[in-house]
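A.B. asks: Structure incoming, see below.
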Amino acid sequence: MRCILLLAPLVDAVRRGHSTLPFDHDPFVFDPKGRVLQLDYADVAAAKGAPCVGICAGQIAVLASVHDKISDVDARHAMTFAGVRADGAALIDVVRVHSARERMKLPDEAPSTKSLALALADECHAVASGGGRRAYGCRCLLAGLDPDGHAGLYSVGPGGDARHHGSGVAAVGCDAAAVVESLRSFAPTDAEAAVAAAAAAVLDAADGSTVSVVALKLDARGQACRRWRAEIGREDLDSGAWRAECREALAPTGGEDLTVY
């Protein structure tokens with residue numbers, strides 16, 4: 001008799017067609033306030049991640065992050081993220097595959113930053129819309145050099161919201177809003193200035209000792225792309241010892257990577 005009384009509310013709910021799961025247990029259901037709580041939880045995971053900063057200006061693209069979370073997408077693009085590390089690594093692979101497909105279709109033209117960002121957004125949105133998978137618990141920064149010779153900077157969230165940062169400055173992770181505010185008036189004149197600003201912003205926000213930096217730069221013709229990667233500490237940033245190496249690596253006759261499309 002006791003069991004029957006306990007099961008009665010469940011049977012009544014099933015008869016009426018109502019789900020007995022709480023709203024935050026089903027990733028495909030809006031709560032009464034119009035929110036998808038699983039996406040809110042994914043955003044919280046991203047907001048608790050180590051800060052990452054992106055700065056783009058002219059033919060310069062720079063990403064800075066702690067814990068060496070910056071990965072190369074292709075010859076002209078790099079990506080970093082804040083949040084769950086495994087989710088970020090999976091999304092990097094998604095963008096790499098899309099870039100490879102684009103290069104197979106148009107071998108003489110580099111993929112645009114916008115097309116890569118939209119492919120990343122589509123993957124995030126597809127996962128968040130259903131299919132039995134949870135949303136990615138990270139927010140990504142994608143920076144690169146477009147075929148027209150200009151740098152592009154995009155951020156993509158767990159729900160598939162892709163945002164183009166026309167100001168050339170963006171940040172994800174903890175204290176992202178404060179980092180962007182501190183760089184709002186910054187206007188880089190060269191790659192060294194952009195690297196210094198991005199590295200300083202990450203070191204201040206993360207309170208760490210070193211930061212990983214990737215800088216991309218096009219030559220005057222907009223065809224050759226140079227990449228410079230380094231680990232910069234607080235002492236290095238103050239002394240400026242890295243500047244000569246950065247200048248040489250990004251010069252038209254230097255650098256570790258040269259790709260012509």
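A.B. asks: Hey, can you tell me all the residues within the stretch 107-124 that are without any contact (Cβ under 8 Å) to a residue 40 or more places away in the chain, within 17 Å of Ala78 (Cβ to Cβ) and in a helix (DSSP H, G or I)? Steps first, answer last, please.
C.D. replies: Start the filter on the stretch 107-124 by keeping residues that are without any contact (Cβ under 8 Å) to a residue 40 or more places away in the chain, which leaves 107, 111, 115, 119, 122-124.
The next check asks that each one be within 17 Å of Ala78 (Cβ to Cβ); those that pass are 111, 115, 119.
Within the stretch 107-124, Ser115, Ala119 meet the criteria.
A.B. asks: Follow-up question, since we're still on this one. Suppose we keep only residues that are of a type in the set (D, E, K, R) and under 30 Å from Asp175 (Cβ atoms) within the stretch 99-132. Which one would you say is surrounded by the most Cβ atoms within 10 Å (Cβ to Cβ)?
C.D. replies: Glu123
A.B. asks: Of the residues in the stretch 49-60, how many are touching a Lys or Arg at 6+ places or on another chain (Cβ under 9 Å) and modelled with pLDDT of 95 or more?
C.D. replies: Qualifying residue count, the stretch 49-60: 1.
A.B. asks: Let me ask you something else. When you look at Ala46, is it modelled with pLDDT of 95 or more, out of contact with any Lys or Arg (no Cβ under 7 Å at 6 or more places or on another chain), surrounded by 14 or more Cβ atoms within 10 Å (Cβ to Cβ) and among the hydrophobic types (A, V, I, L, M, F, W, C), yes or no?
C.D. replies: no
A.B. asks: Here's a follow-up. Tally time: how many residues in the stretch 180-234 are among the acidic types (Asp, Glu) and closer than 30 Å to Pro111 by Cα? Explain how you work it out, then say what you get.
C.D. replies: Taking the stretch 180-234 first, the residues among the acidic types (Asp, Glu) are 181, 190, 192, 204, 207, 219, 231.
Next cut, closer than 30 Å to Pro111 by Cα only: 190, 192, 219, 231.
The number of residues fulfilling the criteria is 4.
Per-residue answers, yes or no, for (1) of a type in the set (Phe, Trp, Tyr); (2) modelled with pLDDT of 95 or more; (3) within 23 Å of Trp242 (Cβ to Cβ); (4) in contact with a Pro (Cβ under 7 Å, 6 or more places away or on another chain):
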site: Leu106; (1), (2), (3), (4): no, no, no, no
site: Ala119; (1), (2), (3), (4): no, yes, no, no
site: Tyr136; (1), (2), (3), (4): yes, yes, no, yes
site: Ala151; (1), (2), (3), (4): no, no, yes, no
site: Ala162; (1), (2), (3), (4): no, yes, no, no
site: Ser182; (1), (2), (3), (4): no, no, yes, no
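A.B. asks: Of all residues in the stretch 197-221 being farther than 13 Å from Ser182 by Cα and not hydrophobic (A, V, I, L, M, F, W, C), which is surrounded by the most Cβ atoms within 10 Å (Cβ to Cβ)?
C.D. replies: Lys217
A.B. asks: Return the residues of the stretch 69-98 that are in a strand (DSSP E or B) and buried (at least 22 other Cβ atoms within 10 Å of the Cβ); say none if nothing qualifies.
C.D. replies: Step one: filter the stretch 69-98 for residues in a strand (DSSP E or B), giving 71-72, 77-83.
Hits for the stretch 69-98 are His77, Ala78, Met79, Thr80, Phe81, Ala82, Gly83.
A.B. asks: Another question, if that's okay. With Arg133, Arg184 as the choices, which residue is closer than 20 Å to Asp43 by Cβ, out of contact with any Lys or Arg (no Cβ under 8 Å at 6 or more places or on another chain) and assigned to a loop (DSSP other than H, G, I, E, B)? Spell out how you get there, then give the answer.
C.D. replies: On the way: Arg184 fails: closer than 20 Å to Asp43 by Cβ.
Unique residue meeting the criteria: Arg133.
A.B. asks: So, in the stretch 187-207, of the ones that are among the acidic types (Asp, Glu) and in a helix (DSSP H, G or I), which residue ends up modelled with the lowest pLDDT?
C.D. replies: Taking the candidates together, the pick is Asp204.
A.B. asks: Whether any residue in the stretch 156-167 is on the phi > 0 side of the Ramachandran plot and in contact (Cβ under 8 Å) with a residue 60 or more places away in the chain is what I want to check.
C.D. replies: no
A.B. asks: May I ask you to verify whether Gly137 is more than 24 Å from Ile60 (Cβ to Cβ), of a type in the set (Gly, Ala, Ser) and free of Cβ contacts under 8 Å to residues at least 24 places away in the same chain?
C.D. replies: So Gly137 does not fit the description; no.
The values are calculated or read from the model by the stated rules, or taken from the named source; none is laboratory data. Remember, predicted model here, so these are calculated numbers, not experimental data. Cβ: placed from backbone, ideal geometry, glycine included. Neighbour counts: every protein chain shown.
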